[in-house]
Amino acid sequence: MISKLRSIYREITAAPAGERFHRYHQRRKGRVGRWHVVVYGGTGLLLAILGFLLSLPPLMPGFLLWLPGLALIASQFGCVARALDHGECLMRKAYRRIRGQSGVT
């Protein structure tokens, strides 16, 4: 499972920002059966929920679980993939704006 997550990570990060998850979804689309959708979607949902719950206490790195969970969900559902791409663009824009206002380089 860890090697699979690593390969998914490499494949997603190779694409340009704002298109990563949708491109990954398009590559996987049609190559998997219904059971793969259930297993990957369920595993992704479980990782995302578990990661969110682990993020609630201070100093717990729950995002290490919910990010791969969202990636697994996005690999199966195009609407989630597009939402993650859009969210990535918004987060990058907000980061640039905050970074520019604080004077930090």
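Couple of notes before you dig in:
- Single residue of 59, 67 found to be closer than 20 Å to residue 90 by Cα, surrounded by fewer than 19 Cβ atoms within 10 Å (Cβ to Cβ) and at pLDDT below 85: 67
- Note on the stretch 1-25: residues that are loosely packed, with under 13 Cβ neighbours inside 10 Å, without any contact (Cβ under 8 Å) to a residue 60 or more places away in the chain and either touching a helix residue (DSSP H, G or I) at 6+ places or on another chain (Cβ under 9 Å) or under 25 Å from residue 91 (Cβ atoms) (or both) amount to 7.
- Any hit, the stretch 5-12, residues being in contact with a Lys or Arg (Cβ under 9 Å, 6 or more places away or on another chain), of a type in the set (A, V, I, L, M), closer than 16 Å to residue 84 by Cβ and part of a helix (DSSP H, G or I): yes
- Scope the stretch 37-81; condition closer than 19 Å to residue 2 by Cβ, in a helix (DSSP H, G or I) and free of Cβ contacts under 8 Å to residues at least 12 places away in the same chain; matching residues: 39, 42, 54
The values are calculated or read from the model by the stated rules, or taken from the named source; none is laboratory data. As the structure is a computational prediction, the values presented were derived from the model and not from experiment. Here Cβ is always computed from backbone atoms with ideal geometry, including for glycine, and neighbour counts include all displayed protein chains.
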